[in-house]
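Trainee: Below you'll find the structure I mean.
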Amino acid sequence: MARRSTVISVAVVACLLCFLDSFARADGLNVAFESISVNDIRAHIDILADDAMEGREAGTRGGRAAAAYLERQLAEVGLKPGGDGDGFIQKFADGSYRNVLAILEGSDPALKHEYVLVGAHYDHVGYGTSRNSRGPWGQIHNGADDNASGVAGVLEIAQAVTFLATPPRRSILFAFWDGEEKGLLGSRYWCSQPTVSLQAVVLAFNADMIGRLRGEKLHVYGTRTARGLRRWISEQNQATDLALEISWELKAHSDHYPLVEREIPALMLHTGLHDEWHRPTDDVEKINHEGISATTRLLFSLIVDAANRPNRFAFRQDSRAERSADLARLENTGPPRPPRLGIAWAPEDVTSPGVTLTCVTPGTPADRAGLQIGDRLVRFSDADTAEDSHRLGVAIWAAHSPATAVVQRAGEILEIPVELDGQPLRYGISWREDEGEPGTVVLSEVVSLSAAYLAGLQVGDRIYRVADRDFRDGNELAQQLLTLPSPVSLRIERNGRLRTISIDAPSVP
C-alpha cells in the first residue's frame, strides 16, 4: 500500500509541475504580448525617421547610422548575432550595404535548428531622385511609414520574445534588410548567401509600411503560399481583431518575394499606400502608432505560434500563379434563385393576424395556386405568420411541396394547396471548396430571407466549424447540417475576424 501511495504521489507531483509549467508559459506569453509598447514604437520611429538619418539610403552615412542603431538595440535585448562571423552585420555590394541579423535560439533540441524568419527593410530613398521619388526631389525623405514603421514593429517583437518564460521551440531569425528600395537587394543577397540554411526556414514574415492603419484594415499577402494559412492567421487574430484584407497577389514588391522564389512560405503585412508614399512628407506626424502596436501584436502571435507548432507549413507551388481574379471567382455569387412561391408582403400589421400580400408574381406557384394581392396570409406550411412573420421567408424556402397556404379573404378562411418550385432549403446556403484552405468552405450563396440570411451570413464568409466540430470537406459539412438539431452554431470567418453565428432552421421532417 505504501508503494502504491508513493506512485500516486509521484504522478500527482508530475501533473502539478506540468500545470505550473503551462501556467508559467501562458503568463510569459501574456507578459511578452503586453510588452509591445506604443511609446517604444514611437521612440524607434522618431529616431529612424529623424532628419539626422538623411533618409537612410543604402550605402550612405544615414544608412550606416540606422544599421548601427539596430545593432545596439538587438545587443541590448540580448539576442545572438546572426550576421557574418560573430557580428550582427552581413555586408554586401562591396561592403557598402549591410543587412542586420539576430537570432533567438529555440528551446527544443530537435527543432531549434529550424527558423522562423521575421524581417523589415530599414533603408529608404535618401534625398530622392526621379528614379525613386514621387517628388519633390532633393529633400530628405524620412520614410516614417516606409519603412521605419515595420522596423519599429520588428524591434518590439525582438524585445518581446525575450520576456517569454521559455523560448519557442524553433529559433527566430530577425532580419533588417538593406537596399530594398534599390531592388530588394538585401533580401536577395541573403537568399544567395544565407546565414542559416534556407531549407531550415519554415516560414518568413515581412513587415513593410505598417504605420498608417485606417479603419482597422490590415493587408495580408502570401496566404496562398501554404495550405491553411488564412485560417491560421484568423485564429491568431482573435486578440487583435483587425479587419484583414487578404490578397492572392504575389509580386516582387517587397522583401518577402525572394523567399517565395526559394519556395519558402512567406507573409507580408502592410497597411496600404497613401499620398505621402515616397515623398518628403512621409513623416512621423502622420503615423498611427496604436495601429502599429495592434499589427505588431498580431505579428508577434503568428511568429511565436509558428515557432511552436509541431509541423511546418509546406510551400504551395500554385500560389505563384494565383491572382485576385481567382479569389473573385471563388467568392463570386451566381444569379439569384427564382422564387419558390412568388409573393411579397407588407410589414407586420399588429391589428390583425398574418401578413398582407402586396405582390403575386405572374407565372409563379403563388399565381398558379390562385393567391391574390390583398390576401391575408395567416399560415404557410407549419409557420404561423401571426406569431413569427419575419420567418415567413424561412418557411417558404424550407417547405416541402405541396404546401398549404392559409389565407383570409373577404372574411373567409381559405386553405389553398401550392405546388412549390425548386427543392427545399433548410439553411439557404451554397458554398465552394478551396484546395488552399482544407477543412473550410466559402459561401457562394446566401438566399434572401432564408435562415442563413436572417442569422447574418454573407457571401464570402468562411465556415470553419459546426457545433464545435471540424469537418473534412463540403460533403461532411452538408451531412452535419442535415442531421444536427436546430439551432446550430457555425464558427465563421469574415475579413480575418472569427465569429460564432447561431442559425435557427426548420426541423427536418
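The values are calculated or read from the model by the stated rules, or taken from the named source; none is laboratory data. Owing to the predicted nature of the structure, the values given are computational and were not obtained by experimental measurement. Cβ sites come from the backbone with ideal geometry, for glycine too, and all protein chains shown count toward neighbours. Just the protein is used for accessible areas: all its heavy atoms, side chains included, with ligands, DNA and RNA removed. Shrake-Rupley method; radii C 1.70, N 1.55, O 1.52, S 1.80 Å.
Trainee: Just one of the numbered conditions (1) in a helix (DSSP H, G or I); (2) farther than 24 Å from H219 by Cβ; (3) open to solvent by 20 Å² or more (accessible area, probe 1.4 Å); (4) out of contact with any Ser or Thr (no Cβ under 8 Å at 6 or more places or on another chain) is not true of R337; which one?
Mentor: Looking at each condition in turn, R337 falls short on (1).
Trainee: Kindly indicate which of A200, A148, A160, A175 is open to solvent by 10 Å² or more (accessible area, probe 1.4 Å) and among the small types (G, A, S).
Mentor: Working: A148 fails: open to solvent by 10 Å² or more (accessible area, probe 1.4 Å); A160 fails: open to solvent by 10 Å² or more (accessible area, probe 1.4 Å); A175 fails: open to solvent by 10 Å² or more (accessible area, probe 1.4 Å).
The match here is A200.
Trainee: Which one of these is open to solvent by less than 10 Å² (accessible area, probe 1.4 Å) and either within 18 Å of the chain's Cα centre (by Cα) or over 14 Å from V118 (Cα atoms) (or both): A243, A239, A226?
Mentor: Working: A243 fails: open to solvent by less than 10 Å² (accessible area, probe 1.4 Å); A239 fails: open to solvent by less than 10 Å² (accessible area, probe 1.4 Å).
Exactly one of A243, A239, A226 is open to solvent by less than 10 Å² (accessible area, probe 1.4 Å) and either within 18 Å of the chain's Cα centre (by Cα) or over 14 Å from V118 (Cα atoms) (or both), namely A226.
Trainee: Would you mention how many residues in region 178-193 are in contact with a Lys or Arg (Cβ under 6 Å, 6 or more places away or on another chain) and crowded, with 21+ Cβ neighbours inside 10 Å? First the steps, then the outcome.
Mentor: Just the residues of region 178-193 that are in contact with a Lys or Arg (Cβ under 6 Å, 6 or more places away or on another chain), to begin with: 178, 191.
Now drop any that are not crowded, with 21+ Cβ neighbours inside 10 Å, which leaves 178.
Final tally of qualifying residues: 1.
Trainee: Going by the structure shown, is I492 touching a helix residue (DSSP H, G or I) at 6+ places or on another chain (Cβ under 7 Å) and either surrounded by 15 or more Cβ atoms within 10 Å (Cβ to Cβ) or modelled with pLDDT under 95 (or both)? Explain how you work it out, then say what you get.
Mentor: Numbers: touching a helix residue (DSSP H, G or I) at 6+ places or on another chain (Cβ under 7 Å): no; either surrounded by 15 or more Cβ atoms within 10 Å (Cβ to Cβ) or modelled with pLDDT under 95 (or both): yes.
Judged against the criteria, I492 is not a match.
Trainee: Here's another thing I want to ask about it. Only one residue in P509, P438 is at pLDDT below 95 and either under 23 Å from L242 (Cβ atoms) or not polar (S, T, N, Q) (or both). Which one?
Mentor: Values: P438 fails: at pLDDT below 95.
Step by step, each of P509, P438 is checked, and only P509 is at pLDDT below 95 and either under 23 Å from L242 (Cβ atoms) or not polar (S, T, N, Q) (or both).
Trainee: Moving on. Spot the failing condition for H253; the list is (1) out of contact with any Pro (no Cβ under 9 Å at 6 or more places or on another chain); (2) more than 25 Å from A158 (Cβ to Cβ), and only one is missed.
Mentor: The number of the failed condition is (2).
Trainee: Quick one: in region 207-220, of everything that is under 14 Å from the mean Cα position of the chain (by Cα) and open to solvent by less than 40 Å² (accessible area, probe 1.4 Å), which residue is nearest to E261 (Cα to Cα)? Walk me through it before giving the result.
Mentor: Narrowing region 207-220 to residues under 14 Å from the mean Cα position of the chain (by Cα): 216-220.
Now drop any that are not open to solvent by less than 40 Å² (accessible area, probe 1.4 Å), which leaves 218, 220.
Numbers: L218: 24, V220: 18 Å.
Taking the candidates together, the pick is V220.
Trainee: If I ask for residues that are open to solvent by 50 Å² or more (accessible area, probe 1.4 Å) and either touching a residue at least 12 places away in the same chain (Cβ under 8 Å) or small (G, A, S) (or both), which ones from region 58-102 would you list? Reasoning before the result, please.
Mentor: Our first condition is that a residue be open to solvent by 50 Å² or more (accessible area, probe 1.4 Å); within region 58-102, this holds for 61, 64, 71-72, 75-76, 78, 80-81, 84-86, 91, 94.
Those that are open to solvent by 50 Å² or more (accessible area, probe 1.4 Å) and either touching a residue at least 12 places away in the same chain (Cβ under 8 Å) or small (G, A, S) (or both): R64, E71, A75, G78, K80, P81, D84, G85.
Trainee: What's the number of the condition A11 fails, among (1) of a type outside the set (D, E, K, R); (2) modelled with pLDDT under 95; (3) buried (at least 17 other Cβ atoms within 10 Å of the Cβ)?
Mentor: Every condition holds for A11 apart from (3).
Trainee: Still on this model: From the set of residues in region 249-274 that are surrounded by fewer than 21 Cβ atoms within 10 Å (Cβ to Cβ) and closer than 23 Å to H44 by Cα, which is nearest to the chain's Cα centre (by Cα)?
Mentor: G272
Trainee: Moving to a separate point now. For region 73-88, state whether one or more residues are closer than 23 Å to H270 by Cβ, part of a loop (DSSP other than H, G, I, E, B) and touching a Gly at 6+ places or on another chain (Cβ under 9 Å).
Mentor: Checked against the condition, which is being closer than 23 Å to H270 by Cβ, part of a loop (DSSP other than H, G, I, E, B) and touching a Gly at 6+ places or on another chain (Cβ under 9 Å), region 73-88 yields no hits at all.
Trainee: For region 133-146, does any single residue satisfy the condition of being closer than 28 Å to V260 by Cα and of a type in the set (K, R)? Before you say what the answer is, go through the steps one by one.
Mentor: First, the residues of region 133-146 that are closer than 28 Å to V260 by Cα: 133, 143-146.
This time we only want the ones that are of a type in the set (K, R), so: none.
Within region 133-146, not a single residue is closer than 28 Å to V260 by Cα and of a type in the set (K, R).
Trainee: Something else now. S444: of a type in the set (S, T, Y), open to solvent by 10 Å² or more (accessible area, probe 1.4 Å) and without any contact (Cβ under 8 Å) to a residue 60 or more places away in the chain, yes or no?
Mentor: On the way: of a type in the set (S, T, Y): yes; open to solvent by 10 Å² or more (accessible area, probe 1.4 Å): yes; without any contact (Cβ under 8 Å) to a residue 60 or more places away in the chain: no.
Judged against the criteria, S444 is not a match.
Trainee: Go through region 455-509 and count every residue that is more than 22 Å from the chain's Cα centre (by Cα), under 21 Å from G334 (Cβ atoms) and free of Cβ contacts under 8 Å to residues at least 40 places away in the same chain.
Mentor: Of the residues in region 455-509, 2 are more than 22 Å from the chain's Cα centre (by Cα), under 21 Å from G334 (Cβ atoms) and free of Cβ contacts under 8 Å to residues at least 40 places away in the same chain.
Trainee: Let me ask something additional. Please go through region 458-488 and give me each residue that is open to solvent by less than 40 Å² (accessible area, probe 1.4 Å) and assigned to a strand (DSSP E or B), ordered by number.
Mentor: R462, I463, Y464, V466, V488
Trainee: Here's a follow-up. Return the residue satisfying two criteria in turn: it lies in region 163-172 and is open to solvent by 10 Å² or more (accessible area, probe 1.4 Å) and part of a loop (DSSP other than H, G, I, E, B), and of such residues it is nearest to I36 (Cα to Cα).
Mentor: The first filter runs over region 163-172 and keeps only residues open to solvent by 10 Å² or more (accessible area, probe 1.4 Å), leaving 163-167, 169.
Going one step further and asking which of them are part of a loop (DSSP other than H, G, I, E, B), we end up with 164-167, 169.
On the way: L164: 13, A165: 16, T166: 18, P167: 17, R169: 21 Å.
Among them, the one singled out is L164.
Trainee: For the subset of region 189-231 comprising residues that are of a type in the set (G, A, S) and part of a loop (DSSP other than H, G, I, E, B), which member is nearest to A252 (Cα to Cα)?
Mentor: The initial filter retains those residues of region 189-231 that are of a type in the set (G, A, S), namely 192, 197, 200, 204, 207, 211, 215, 222, 226, 228.
Going one step further and asking which of them are part of a loop (DSSP other than H, G, I, E, B), we end up with 197, 211, 215, 222, 228.
Details: S197: 22, G211: 21, G215: 27, G222: 12, G228: 23 Å.
Checked region 189-231; the qualifying residue nearest to A252 (Cα to Cα) is G222.
Trainee: Looking at region 113-135, can you tell me whether even one residue there is of a type in the set (S, T, N, Q), buried (at least 16 other Cβ atoms within 10 Å of the Cβ) and not in a loop (DSSP other than H, G, I, E, B)?
Mentor: So far as region 113-135 goes, no, none of its residues is of a type in the set (S, T, N, Q), buried (at least 16 other Cβ atoms within 10 Å of the Cβ) and not in a loop (DSSP other than H, G, I, E, B).
Trainee: Sort out which residues of region 24-72 are in a helix (DSSP H, G or I), touching a strand residue (DSSP E or B) at 6+ places or on another chain (Cβ under 8 Å) and either small (G, A, S) or under 17 Å from G126 (Cα atoms) (or both), and write them in order of number. Full working, then the answer.
Mentor: Residues of region 24-72 in a helix (DSSP H, G or I): 24-34, 38-48, 51-56, 61-72.
Next cut, touching a strand residue (DSSP E or B) at 6+ places or on another chain (Cβ under 8 Å) only: 55-56, 63-64, 67, 70-71.
Passing the criteria: G55, R56, G63, R64, A67.
Trainee: If a residue has to be in a loop (DSSP other than H, G, I, E, B), buried (at least 21 other Cβ atoms within 10 Å of the Cβ) and not small (G, A, S) to count, how many in region 423-440 make the cut?
Mentor: Residues in region 423-440 being in a loop (DSSP other than H, G, I, E, B), buried (at least 21 other Cβ atoms within 10 Å of the Cβ) and not small (G, A, S): 4 in total.
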